[in-house]
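The values are calculated or read from the model by the stated rules, or taken from the named source; none is laboratory data. Given the structure is predicted, the values throughout are model-derived calculations rather than measurements. When we count neighbours, we look across all protein chains shown, and the Cβ atoms used for this are built from the backbone with ideal geometry, even at glycine.
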Amino acid sequence: MSQASLVNGSISSKMKRNKPRVMSKSGHSNIRIDKLVLTTLIEIFITGTFLAKIARPKKRAETIKFSHYAVITKHNGQLCLVIRVANMRKSLLIQCQLTGKLLQTYETKEGERILLNQASVKFHVDSSSESPFLILPLTFYHILDESSPLNDLTFQNLKEKDFELIILLNATVESTSAVCQSRTSYIPEEIFWGFEFLPVISLSQNGKYVADFSQFELIRRSIDCTLYSMDPEKQKLEEQYRKEDQRERERRTMLLQQSNV
């Protein structure tokens, strides 16, 4: 075999090995689709992360405003501890639930002294729902009856007490469905006996409800003078008579309905 033939054979073998690969149209399209899907997923992830940081529940909770003071006054004939809550943004808060924890020193009947006793304090609002929308400022009430851990409070001993009332508000942001929690607390010096909040909601000429936040923190002395001279024993007795009278009226109504049947 001649040297020329060997050279030609070597060149032809190299050309075979270095032959360019030709990609089919379908393979090229598959790679483009894969890149497009990957790019879209990355954009969705980045956008979601950005929006999640913007609408963080922690930041949203900072726009929930509590009244600086709590008041004790009469509401629907019952002595109540009252606080006020407002939503400072236009976005709606739904499923609002307000609860309280009373922290104080407690002594049991056996003489045991509990330094940090925690008692639940229930609040309600004048609404058909226990989880109202927080659109306009809401007023929450805690009834100071026999079941209340604050039932021993009087006008005379309020400032002498040593406790802290922790208030927790849980709500859901309607636009993002994120759950946010906000809290505050009140000590005896921040609770005013015989006072009431000034109205903040009024009806405009256009028939729309308007909130005047300049009066959100303002309180005034209640016109009910009996609040300042209430004897705790007399108060409990009146509460007992009121409940018995209500039960008697319900019993008479039931008997009347049965007789009509």
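Of note:
- Those residues of segment 116-157 which are among the hydrophobic types (A, V, I, L, M, F, W, C) and in contact (Cβ under 8 Å) with a residue 60 or more places away in the chain, in sequence order: LEU134, LEU136, ILE143, LEU144, LEU150, LEU153, PHE155
- Residue within segment 163-185 that is over 20 Å from GLY100 (Cβ atoms) and at pLDDT 90 or above present: no
- Positions within segment 92-103 being assigned to a strand (DSSP E or B) and closer than 11 Å to LEU134 by Cα, in sequence order: LEU93, ILE94, GLN95, CYS96, GLN97
- Filter pass, ALA178 being among the small types (Gly, Ala, Ser), more than 22 Å from HIS68 (Cα to Cα) and touching a residue at least 12 places away in the same chain (Cβ under 8 Å): yes
- Filtered by the rule that a residue be within 14 Å of the chain's Cα centre (by Cα) and either under 20 Å from LEU165 (Cα atoms) or at pLDDT 90 or above (or both), segment 92-111 gives CYS96, GLN97, LEU98, THR99, GLY100.
- Filtering segment 125-168 to residues that are among the hydroxyl-bearing types (Ser, Thr, Tyr), touching a Cys at 6+ places or on another chain (Cβ under 7 Å) and assigned to a loop (DSSP other than H, G, I, E, B) leaves only SER131.
- Odd one out for ILE114 among (1) at pLDDT below 80; (2) of a type in the set (A, V, I, L, M); (3) more than 30 Å from ASP162 (Cα to Cα): (3)
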